[in-house]
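Asker: Structure in structure tokens, see below.
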Amino acid sequence: MKQKMVANIRYIKSNYLLYLLVAPAVILTIIFKYVPIYGLLIAFKDYNPLNGIMGSEWVGLEHFTRFMSSPNFSILLINTLKLSVYGLLLGFFPPIILALSFNLLASDKLKKRLQLILYAPNFISVVVIAGMLFLFFANKGPINNIFESLTGKTLPFLTGPKYFRPLYIFSGIWQGIGWSSILYTATLANVPPELIEASEIDGANILQRIWHIDLPALKPVMTISFILAAGSIMSIGYEKAYLLQTTMNLPSSEIIATYVYKVGLQSGDYSYSTAVGLFNSVINLILLVSVNQVVKKLNDGEGL
């Protein structure tokens, strides 16, 4: 035991520059990810800012019971699940298809230009994206003008509850498809050229090459990406949903994240909003572990 400890100390001393390089990231992770865990105690207390966390009265699971027995619970849960599950199912494959398409382009110059165009939306602010959606899909916006010229009527894209999810999901796919394809494009760039040359000699067409060479190379990355995406199903950021909300589309746009924001910051019910947020995180953890186990069984023991 002593010898092992001495060996570890020597190893750290000989590689201290590497540890110094990692230190800022570790410190920031501890400060912003682990220290705030102490604040989760608020979820189990009747928090009063004047008394502090430890001085507030302990109420146990009262806030969790209050949330799960409220009429909003089923609506918020269903809206959150629908928005995230549909987003996962519809948004998972487009980046893969885009990466496969880039990989088949013979012209590197054209590929770089297309990548630049498709990566750009990722750097647009969520506020700007919401503004663009309101501008293009407004009652008198260009989309409705085209639709009205063809059908003689307009559609309530921004006020109709049934239009909120398609608008949210497809705008998200448009914004993130290019950036999400980077990992897959990089993976395909590492495919041995010998395999491609051998497939060409054997007379394989494009679809056969994709099926037998490209997709097997992407499989490990796709597996990890899917598990991580499924594990964050409940973690939809409130910003875009909140910005696209109107009084008319609330039945489908009110999700757990926006509810926590309104109850916690606008109404000042910190304990209740913390309990709702913690419930959300626990569900995410359960989904992550469950999906990982299922994928392991279906993927010959390979998972996260």
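The values are calculated or read from the model by the stated rules, or taken from the named source; none is laboratory data. No experiment lies behind these values; they were computed from the predicted model shown. Please note: Cβ atoms are built from the backbone with ideal geometry, for glycine as well, and neighbour counts cover all protein chains shown. Only protein heavy atoms, including side chains, enter the accessible area calculation; ligands, DNA and RNA are left aside. Shrake-Rupley method; radii C 1.70, N 1.55, O 1.52, S 1.80 Å.
One line per residue, one yes/no per condition, for (1) part of a loop (DSSP other than H, G, I, E, B); (2) surrounded by 10 or more Cβ atoms within 10 Å (Cβ to Cβ); (3) not hydroxyl-bearing (Ser, Thr, Tyr):
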site: Met5; (1), (2), (3): no, no, yes
site: Arg10; (1), (2), (3): no, yes, yes
site: Leu18; (1), (2), (3): no, yes, yes
site: Ile27; (1), (2), (3): no, yes, yes
site: Lys33; (1), (2), (3): no, no, yes
site: Ile37; (1), (2), (3): no, no, yes
site: Ala43; (1), (2), (3): no, yes, yes
site: Asp46; (1), (2), (3): no, yes, yes
site: Leu50; (1), (2), (3): yes, no, yes
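Asker: Further question on the same structure: What is the number of the single condition among (1) under 30 Å from Thr65 (Cβ atoms); (2) polar (S, T, N, Q); (3) exposed (fewer than 10 other Cβ atoms within 10 Å of the Cβ) that Ser14 does not meet?
Answerer: Of everything listed in (1) under 30 Å from Thr65 (Cβ atoms); (2) polar (S, T, N, Q); (3) exposed (fewer than 10 other Cβ atoms within 10 Å of the Cβ), Ser14 misses just condition (1).
Asker: Could I ask something else about it? Only one of these conditions is not met by Ile255: (1) at pLDDT 90 or above; (2) open to solvent by 60 Å² or more (accessible area, probe 1.4 Å); (3) under 19 Å from Ser84 (Cβ atoms). Which number is it?
Answerer: Exception for Ile255: condition (2).
Asker: So, one more: If you go through region 268-298 one residue at a time, how many are out of contact with any Asp or Glu (no Cβ under 7 Å at 6 or more places or on another chain) and either within 28 Å of Ile129 (Cβ to Cβ) or open to solvent by less than 40 Å² (accessible area, probe 1.4 Å) (or both)?
Answerer: Residues meeting the conditions: 18.
Asker: Shifting gears a bit: Looking for something under 30 Å from Ile129 (Cα atoms) and modelled with pLDDT of 90 or more - is there at least one such residue anywhere in region 187-205?
Answerer: yes
Asker: Looking at the structure I just gave you, is Val260 among the hydrophobic types (A, V, I, L, M, F, W, C), without any contact (Cβ under 8 Å) to a residue 40 or more places away in the chain and in contact with a Leu (Cβ under 8 Å, 6 or more places away or on another chain)?
Answerer: Judged against the criteria, Val260 is not a match.
Asker: Condition test on Lys240, is it charged (D, E, K, R), in contact with a helix residue (DSSP H, G or I) (Cβ under 7 Å, 6 or more places away or on another chain) and surrounded by 13 or more Cβ atoms within 10 Å (Cβ to Cβ)? Lay out the reasoning, then the answer.
Answerer: Working: charged (D, E, K, R): yes; in contact with a helix residue (DSSP H, G or I) (Cβ under 7 Å, 6 or more places away or on another chain): yes; surrounded by 13 or more Cβ atoms within 10 Å (Cβ to Cβ): yes.
So Lys240 fits the description; yes.
Asker: Next question. Restricting to region 80-92, name every residue that is part of a helix (DSSP H, G or I) and either open to solvent by less than 70 Å² (accessible area, probe 1.4 Å) or on the phi > 0 side of the Ramachandran plot (or both).
Answerer: First, the residues of region 80-92 that are part of a helix (DSSP H, G or I): 80-91.
Once the filter is applied, which keeps residues that are part of a helix (DSSP H, G or I) and either open to solvent by less than 70 Å² (accessible area, probe 1.4 Å) or on the phi > 0 side of the Ramachandran plot (or both), region 80-92 yields Thr80, Leu81, Leu83, Ser84, Val85, Gly87, Leu88, Gly91.
Asker: Might you check whether a residue that is open to solvent by less than 100 Å² (accessible area, probe 1.4 Å) and in contact (Cβ under 8 Å) with a residue 40 or more places away in the chain occurs anywhere in region 136-148?
Answerer: Scanning region 136-148 turns up no residue that is open to solvent by less than 100 Å² (accessible area, probe 1.4 Å) and in contact (Cβ under 8 Å) with a residue 40 or more places away in the chain.
Asker: Restricting to region 64-79, and then to whatever is assigned to a helix (DSSP H, G or I) and more than 27 Å from the chain's Cα centre (by Cα), can you tell me which residue is surrounded by the most Cβ atoms within 10 Å (Cβ to Cβ)?
Answerer: Ranking the candidates gives Arg66 first.
Asker: Follow-up. Please tell me if Phe102 is open to solvent by less than 50 Å² (accessible area, probe 1.4 Å) and either touching a residue at least 12 places away in the same chain (Cβ under 8 Å) or under 15 Å from the mean Cα position of the chain (by Cα) (or both).
Answerer: Numbers: open to solvent by less than 50 Å² (accessible area, probe 1.4 Å): yes; either touching a residue at least 12 places away in the same chain (Cβ under 8 Å) or under 15 Å from the mean Cα position of the chain (by Cα) (or both): yes.
Answer is yes for this residue.
Asker: Turning to a different aspect of this structure: Determine, yes or no, whether Leu265 is in contact (Cβ under 8 Å) with a residue 60 or more places away in the chain, among the hydrophobic types (A, V, I, L, M, F, W, C) and open to solvent by 30 Å² or more (accessible area, probe 1.4 Å).
Answerer: No: the conditions fail for Leu265.
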